[in-house]
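Only one structure is covered here, and it is reproduced in the block below.
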Amino acid sequence: MQGKEILRLVDSLHRDKDIAEEVIFQAIESALQSAARKYYGPDEEVDVEIDRETGEVAAIHGDRKVEPETLGRIAAQTAKQIIIQKIREAESQTIYEEYIDHVGDLVTGTVQRFEGGAIIVNLPRTEAILPRSEQIPGEHYQPGERIRAIILDVRQQNSLVKIFLSRSSREFIHRLFELEVPEVAEGVVQLCKIAREPGLRTKVAVESLDARVDCIGACVGVRGTRIKSIIDEVKGEKIDIIPWSEAPEQLIADSLRPADILQIVLEEGETIKRATVTVPEDQLSLAIGWKGQNVRLAVKMSGWDIDIVPPEPLEGEEPEEEEAAEAEGEPPAAVKESAAEETEELPELEPELEAAGDAEEPVEQAPESAAEAAAAPAEQVSEEGPTPADTEQVEEPDAEVEAEAAAAEEEALPEPASDQLNEG
């Protein structure tokens, strides 16, 4: 290989791989030295030096000058492999030094392929890994699709550099706000704390260092344009922006929005920080959130353990259940309990009532009508049998009584029709 060809090769690798020229020259010298030792023997000393200006190779074995072409095909192949290995190591070191200083920064790449649950992302000069644990739940990508993430970690393993990305961390949200909100990037608005459940909801506490700048309005943007761009990037994840406060009561109340807070009682000790929050009974589910999501984020935001409780009823007030029962016409629970207790006591009195009923004689009921009253003596006679006096009265009726009865019948008869016509 001529000197000009070596210089052209070094310059090409320097521009393409961004490797220092001196590193490439040292790699070629080391490769030629290893090839010469393989040719002459491992114990032989061979000095190889390349002129940095002309590219000429000077190899000396003892007192003799060695031409690289005389080393043979095997030695040349060995030199080629060594040069490739040295170039890869130098390139890996360059990539490591480049990305290790950008841990936590936002990068943009394209989806290259999928390996298991991880996504391989193509970055400038290298590839990065987006593990399943650092992905937003429910998001899906296709090869060639653009993707944003932050650099989570950079590791150097042998001659390889592994770059790990993340989209589920809180720092990712912070970098998106810096990208979309100029006030955050300039430091006028600060993001004091972020609580996040990836793919579901994020709460961001912000503070303005300039009294003329509305921190929440700056993050939301005109008609929500700024916050909408961030929400679209995280695949529709809900983002709540609240004002930052050093007072725990105010921060807890803002973190539990949109629920109304009636009272907050703080209990702080050496090993405990607990807040008991009272909310209206009809807003318990709103304060707790879906599967406890809202209160969990409030705990992360405030750093306090939070208990959500309904208000206690005042003295003299009936619980809402009893008021609803009275409105429907049902007796209150206390009346129901007393009625149930009385019902349970009734069976104990039944034996005494039965004994008393057996001791008393049955009382005859009064006749309900005159016909029953007239029929009752006859039935009694037929059941008990006629007495001798009754027999005499039935067999020998009184003549005067019969005459009076006949006269009454004649008076009751109507007058003949002829008489009525004559009178008319």
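The values are calculated or read from the model by the stated rules, or taken from the named source; none is laboratory data. No experiment lies behind these values; they were computed from the predicted model shown. A quick note on method: Cβ atoms are made from the backbone with ideal geometry, for glycine too, and the neighbour counts reach across all protein chains shown.
In this entry, Gly117 is excluded by the filter for residues that are out of contact with any helix residue (DSSP H, G or I) (no Cβ under 8 Å at 6 or more places or on another chain), closer than 25 Å to Ser168 by Cα and of a type outside the set (S, T, N, Q). Residues of the stretch 47-83 that are under 11 Å from Ala35 (Cβ atoms) and either among the hydrophobic types (A, V, I, L, M, F, W, C) or surrounded by 14 or more Cβ atoms within 10 Å (Cβ to Cβ) (or both): Val48, Ala59, Val66, Pro68, Leu71, Ile74, Ala75, Ala76, Thr78, Ala79, Ile82, Ile83. When the test is whether a residue is of a type outside the set (Asp, Glu) and touching a residue at least 40 places away in the same chain (Cβ under 8 Å), Leu209 does not pass it. Within the stretch 139-166, the only residue that satisfies the criterion of being part of a loop (DSSP other than H, G, I, E, B) and in contact with a helix residue (DSSP H, G or I) (Cβ under 6 Å, 6 or more places away or on another chain) is Ser159.
Within the stretch 45-59, residues that are hydroxyl-bearing (Ser, Thr, Tyr) reach partners that are modelled with pLDDT of 85 or more with beta carbons closer than 9 Å, at six or more positions or on different chains, in the pairs Thr54/Leu7.
Going residue by residue through the stretch 172-187, is there one that turns out to be within 21 Å of the chain's Cα centre (by Cα), at pLDDT 95 or above and surrounded by 16 or more Cβ atoms within 10 Å (Cβ to Cβ)? Within the stretch 172-187, one or more residues are within 21 Å of the chain's Cα centre (by Cα), at pLDDT 95 or above and surrounded by 16 or more Cβ atoms within 10 Å (Cβ to Cβ). Looking at Ile60, Ile50, Ile19, Ile6 in this structure, which one is over 24 Å from Glu91 (Cα atoms) and touching an Asp or Glu at 6+ places or on another chain (Cβ under 9 Å)? Sole residue among the options that is over 24 Å from Glu91 (Cα atoms) and touching an Asp or Glu at 6+ places or on another chain (Cβ under 9 Å): Ile60. When every residue of the stretch 264-271 is checked against the conditions, none turns out to be at pLDDT 90 or above, on the phi < 0 side of the Ramachandran plot and within 22 Å of the chain's Cα centre (by Cα).
Among the residues of the stretch 42-60, is there at least one that is within 16 Å of Thr78 (Cα to Cα) and among the small types (Gly, Ala, Ser)? No: the stretch 42-60 contains no residue that is within 16 Å of Thr78 (Cα to Cα) and among the small types (Gly, Ala, Ser).
The single condition from (1) under 30 Å from Arg125 (Cβ atoms); (2) in contact (Cβ under 8 Å) with a residue 12 or more places away in the chain; (3) aliphatic (A, V, I, L, M); (4) in a helix (DSSP H, G or I) that Ile84 fails is (2). When each of Thr110, Thr126 is tested for being closer than 17 Å to Lys17 by Cβ, of a type in the set (S, T, N, Q) and under 46 Å from the mean Cα position of the chain (by Cα), the lone residue that passes is Thr126. Restricting the search to strands (runs of 3 or more DSSP E) fully inside the stretch 194-295 and requiring at least 1 residues that are among the hydrophobic types (A, V, I, L, M, F, W, C) and surrounded by fewer than 17 Cβ atoms within 10 Å (Cβ to Cβ) gives 263-268. Tallying residues that are farther than 23 Å from Tyr96 by Cβ and without any contact (Cβ under 8 Å) to a residue 12 or more places away in the chain within the stretch 11-44 yields 5. The number of residues in the stretch 137-171 being surrounded by fewer than 17 Cβ atoms within 10 Å (Cβ to Cβ) and among the hydrophobic types (A, V, I, L, M, F, W, C) comes to 1.
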